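Have a look at the structure below before the remarks.
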Amino acid sequence: MRPTKNICCIGAGYVGGPTMSVIAQKNPSIKVTCVDLNESRIKAWNNENLDNLPIYEPGLAEVVAEARGRNLFFSTDVDKAIDEADMIFISVNTPTKTYGEGKGMAADLKYIELCARQIARVATNDKIIVEKSTLPVRTAEAVKSILDHTGNGVNFQILSNPEFLAEGTAIQDLQNADRVLIGGENTEDGKLAMQELVNIYASWLPKDRILTTNVWSSELSKLVANAFLAQRVSSINAISELCEVTEADVQEVAKAIGKDSRIGPKFLNASVGFGGSCFQKDILNLVYISKSLGLNEVADYWEQVIIMNDHQKNRFARKIVKTLYNTVADKKIAFLGWAFKKDTNDTRESAAIYIAEKLLHEQANITIYDPKVKEHQIFSDLEYLGTLDPEIIKQRVRVVNDPYLAMDQAHAIAILTEWDEFITYDWRRVYDKMVKPAFVFDGRGITDGLNLEKYDFQVFRLGKSI
Ligand code: NAD
Ligand code: UGA
């Protein structure tokens, strides 16, 4: 097996872009080419102005500035990059299926299969194929089957190397990963391939953080890690509802249980519901796999995490309507935040979308401010739901660049993303300009220190008695 000099990554999205940027930064002697079919995305990755990269991630622009043009390249020429590469990462999207068998549950693997077929068609020398996308356990079998039947004598080694970065902290997570997981075949060639990938990560991470396993453990561990993380959020969200009726305080409960070193303090923030492109998709996938294997109790257990999350979003929207005297019709509700978490412009599965949907069905007018999400994205998220009349969306939704404008003459404010800037606002000024009584619905637990009650706001905080 020849040493890796040339890497290609298919898919320049939230994972491919930042991951390849860091691999290139840390391995200046390896040429890394990130390719995508999406021309505008590649154009943005190549934009001179680093503020216009297609993804907002703290620290990303600096890494791109260091490596781009040196050994990091972004291109739409997928065939050329495949042909030149010793190692090919597949980092394309694996959304939930929207059609056919497994609709609404299973992962849609058509993009993965297209990549495998393209590699099979183009490759003329031996290559290591790395599954970077999150995939159902045993997907490597299908990829291998496509690659092993080309008849052109090329040998492929398939590795699983799932990504654990979280958006908003992607660069930090990549540069200082808790662990890197590499699954491969337990054969001489399999071990050599794994070693090649270990070497790439070992250029910046301590060896004891690089775990090697069999392919299936690696594929499954990714789904399980996301399921466990989401389960923690649903668990604390379930407790938040209990706190509201018992005079317990969810943040105090989280702190008290988090001090137990077996439980730990992280991922215990009650919220309006988890979002993001992966938690729901990966749990649904786990549920689907379990059901397909006849493991109904396993499937039901994990499905409950999603049921609880949907409940949390619904009850937050219902709380707004109920508190505003059972009607929000023609009232102005200001949304602070649209992204699924702070420090990202990603809105996929954001709780804000579903809260907006429910309030629009109640004929509310919504004005949205998010520091990083663009207007066209917000409208496209609402239209994509397919449950709202596009005319109604146009009439009732406004997106503004100024938070004070969003809250001016509002009946209520809903805090849906935990952006740091929200707590720095002049809340006296906000109060003065609102319709009274002025309501705040804090879906992120960020206003505790502000004592908004002193300005006479009526505040609902998740997980606090009211
Ligand atoms: P994304 O949608 O941002 O990016 C995927 C990219 O792949 C798109 O730009 C698309 O145009 C491109 N693509 C699809 N098919 C292609 C093809 N045949 N040739 C070239 N380009 C192609 O998705 P993402 O968020 O980067 O996620 C990618 C994978 O990583 C998913 O499986 C996801 O579950 C997993 N993952 C995501 C995150 C995250 O934080 N977003 C974290 C860990 C793992
Ligand atoms: C998550 C995982 O944390 C990553 O390890 C994984 O790689 C990634 O999914 C993936 O596979 O896509 P991400 O979705 O980017 O990362 O962000 P998280 O920080 O995990 O937050 C997910 C959602 O849970 C957000 O909506 C966040 O606001 C919410 N959350 C998180 C809470 O409501 N409370 C918490 O305590 C933590």
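The values are calculated or read from the model by the stated rules, or taken from the named source; none is laboratory data. Quantities reported herein were computed from a predicted structural model and do not represent experimental measurements. Methodologically, a virtual Cβ is constructed for each residue, glycine included, from the backbone with ideal geometry; neighbour enumeration extends over all protein chains shown. Ligands, DNA and RNA are excluded from the accessible area calculation, which covers all protein heavy atoms including side chains. Shrake-Rupley method; radii C 1.70, N 1.55, O 1.52, S 1.80 Å.
Structure notes:
- The long axis of helix 215-244 is offset from the longest Cα principal axis of the chain by roughly 10 degrees.
- Computed log₁₀ I(q)/I(0) - Debye formula, equal Cα scatterers, no solvent, segment 112-215, q 0.10, 0.14, 0.18 Å⁻¹: -0.30, -0.58, -0.90
- Compactness of segment 1-67 was expressed as the Cα radius of gyration divided by 2.2 N^0.38 Å, which yields 1.09.
- Normalised by the number of residues in segment 119-250, the average gap of Cα pairs under 8 Å and 6 or more apart makes the relative contact order 25 percent.
- Annotation: the antiparallel percentage among DSSP beta bridges lying fully within segment 1-148 is about 5.
- Theoretical gain in end-to-end length, Lys259 to His376 [0.36 nm per residue, Cα-Cα removed]: 37.8 nm
- Shown for segment 1-136: the carbon plus sulfur share of the solvent-accessible area, taken with all protein chains present and a 1.4 angstrom probe, equals 49%.
- Accessible area of segment 183-293 divided out per residue, in Å², using a probe of 1.4 angstrom: 50 Å²
- When you count the other C-beta atoms within 10 angstrom of each residue and take the mean per peptide, 128-134, 8-14 line up highest first as 8-14, 128-134.
- Under 16 Å from the Asp126 label point (7 Å along Cα→beta-carbon), backbone N, segment 73-92: 85-88
- Each peptide among 373-380, 332-339, 161-168, 385-392 gets the average number of other Cβ atoms lying within 10 Å of its residues, and from highest to lowest they stand as 332-339, 161-168, 373-380, 385-392.
- As a length-normalised measure over Cα pairs under 8 Å and 6 or more apart, the relative contact order of the chain settles at 12 percent.
- Packing around the peptides 151-160, 422-431, 88-97, taken as the average count of other Cβ atoms within 10 Å per residue, puts them in this order, highest first: 88-97, 151-160, 422-431.
- Cα-based helix-to-principal-axis angle, 16-26 vs the chain, degrees rounded to 10: 60 degrees
- Beta bridges per DSSP with both ends in the chain, % antiparallel, nearest 5: 5 percent
- When you restrict to C-alpha pairs under 8 Å that are six or more residues apart and normalise by the size of segment 273-424, the relative contact order lands at 27 percent.
- Shape descriptor for the chain: Rg over Rh equals 1.00 (Cα atoms; Rh from the Kirkwood inverse mean 1/r).
- Amide H partners (placed H, <5 Å) of Phe89, local residues excluded: Cys8, Cys9, Ile10, Val130
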